[in-house]
Amino acid sequence: MSIRFISIRTFIPAVCLVSVMFAAALPSYSQQPTPSSQVTSQAGASAQIPAPPAASKEPDYPDPRSITFGIIGLWNMTYNGPDIVGGKAAANNNTYENLPNLGQPYRWMAQFEFSVPVTRTGTLHAEFERYHGWADSTVGVATFIDTFSFVAGDTMHTTYHIDTGRIYLDDLFFPHKFPIAKFRLKTIWGMRYLNITQTVDSSTEDTTAGVPGSSFNIGTNYIFYPEFGMAGEYALSPHVVFRVEGAGFAIPHHSVMTESSATLSFRKKNLEFLTGYKMLHFKTSPQKEEYEVGTLFSPFVGVLWHW
């Protein structure tokens, strides 16, 4: 036999023997049982993982939040009406341009409201109201109003209209949690517009001039301001809420706008009934020749429909 033949015959059995030995040894490494201490630690770790908390079925708010429409009746208390006051320009010309008490507002006025939730914590509100009144009086001191000079003793007839509205965001401030707490504070961020128009005429001056309506004058001023404020609410029961709020804005030596209110509301399903008291104070810019100052106090009742 050749050496090559002997080598082949020896090599093949050796390879087979090594393969059988490796296959027999492999399960002992790949299928080693897990030590009992390791199993215990894994079980303990699994037991220490907290289960996720169950979702709360309690709603964020006692009543569902939705689009709301409403009308409120304002009852105006006894008030002699806003005043016309001479401004900076009149003072520089040494001209007396004051006329107080433009008249008692009509007893009942309507305020219209609309609101829509915009975030989980905030609701966007819009409201509009219109005040108007008139008065007959006698001028005690000679005065210059708009473009006409009136003398002491003139019989005056005055009327006025105040149109005002605002858009504001009513947002939860504290405590910022859900469900909302019985007592909570809210912020008010908005814009308000107020326009006042007044007319003045004197029958005695018309008679003296012999021309009806010759003394008639009309004046107008407006305020367009941002509005910032706070409101506090307390839920006397799930569907009864007492709310106090105040907001406004002012620039020194310019216009002033403030308002406050207290409201008690009761909601039953889609209807909400409310009553309360509100105050609106304004002063147009005294930098002009004439400006207006007024404070309106109004108890109210109203109804809101939640759509």
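Annotations
- Trypsin sites (Lys or Arg not before Pro) lying in DSSP loop within the range 55-149, provided at most 13 other Cβ fall within 10 Å: K57, R107, R120
- Reachable lysines from K278, criterion Cα separation under 20 angstrom, eight or more residues apart if same chain: K186
- In the range 230-307, the trypsin sites (Lys or Arg not before Pro) that fall in loop regions by DSSP, at most 10 other Cβ within 10 Å: K269
- Virtual paramagnetic centre 7 Å along Cα→Cβ of K177, amide N under 16 Å, in the range 94-135: none
- Efficiency of FRET from Cβ geometry, Q104 and T220, R₀ 30 Å, rounded to 0.05: 0.90
- Here the spin labels are modelled as points 7 Å beyond Cα on the Cα-Cβ line, and at T147 and T275 they lie 5.0 nm apart.
- Between G87 and E290, Y291, the built amide H atoms are under 5 Å apart, and every one of these is 5 or more places off in sequence or on another chain.
- P(r) of the range 68-306 over all Cα-Cα pairs, binned every 5 Å from zero, in whole percent: 1, 6, 12, 16, 16, 13, 10, 8, 6, 5, 3, 2, 1, 0, 0
- Working from label points 7 Å from Cα in the Cα-to-Cβ sense, the L185 to D63 distance is 2.5 nm.
- In sequence order, calculated HN-Hα J values of the range 291-307 (Karplus, 6.51, -1.76, 1.60; Hz; x Gly/Pro): 9, 10, 10, x, 9, 10, 10, 9, x, 8, 9, x, 9, 10, 10, 8, 7
- Environment charge of L172, counting only residues whose C-beta is closer than 11 Å and scoring Lys/Arg +1, Asp/Glu -1: 0
Bear in mind these aren't lab numbers, they're just calculated from the coordinates by the rules spelled out. Remember, predicted model here, so these are calculated numbers, not experimental data. FYI the Cβ positions are ideal-geometry reconstructions off the backbone, even for glycines, and counts take in every protein chain you see.
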